[in-house]
Amino acid sequence: MHVTKIGEGPAVIFVHGFPELWYSWRHQMLYLSNKGYRAIAPNLHGYGDTDCLSEIDSYTTFHIIGDLVALLDVLELEQALVNMSVEFCPRNPLRKPRDILKEFLGDDY
């Protein structure tokens, strides 16, 4: 997995969406690295310099999470803030997005 890193301090992992690359986060990474954070941005499987997987079933949400957990292990990180460019929750056409957010964030949202 191709990974770009800059800075020292608490880790922030930037996860790109479709059809993006780590490079999409370059400005945010530079900014946060100057503020005392360690900015990390991988290219997920099939993007940029990261190999494609042979099985289409290997591109599930659970595999992406597994890849990110493995990345934490390789970088020897106990914890990190993960920033994603897209929602990780599948859309439900029968529910309003605001109601779904309230479930996660509470009634104060």
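The table below lists the values:
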item	result
10 Å beta-carbon shell around Gly9, net charge (K/R +1, D/E -1)	+1
Net charge over other residues, Cβ less than 14 angstrom from the Cβ of Asn43 (K, R count +1; D, E count -1)	-2
Residue order, fewest to most beta carbons within 10 Å, for Arg95, Arg38	Arg95, Arg38
Burial order of peptide ranges 23-30, 55-62 (average beta-carbon count within 10 Å, highest first)	23-30, 55-62
Backbone HN-Hα couplings from phi across segment 70-77 [Karplus 6.51/-1.76/1.60, Hz, Gly and Pro as x]	4, 4, 4, 5, 4, 7, 6, 9
Under 5 Å, built H, 5+ apart or other chain: amide partners of Ala11	Arg38, Leu81
Net charge of Cβ neighbours under 15 Å - reference Leu75; Lys, Arg +1; Asp, Glu -1	-3
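Readers should treat all values here as calculations from the given coordinates under stated rules, not as data from a laboratory. It should be emphasised that the depicted structure is a prediction, and the values quoted were computed from it without experimental measurement. As a convention, Cβ positions derive from the backbone with ideal geometry for all residues, glycine included, and neighbour counts pool all protein chains shown.
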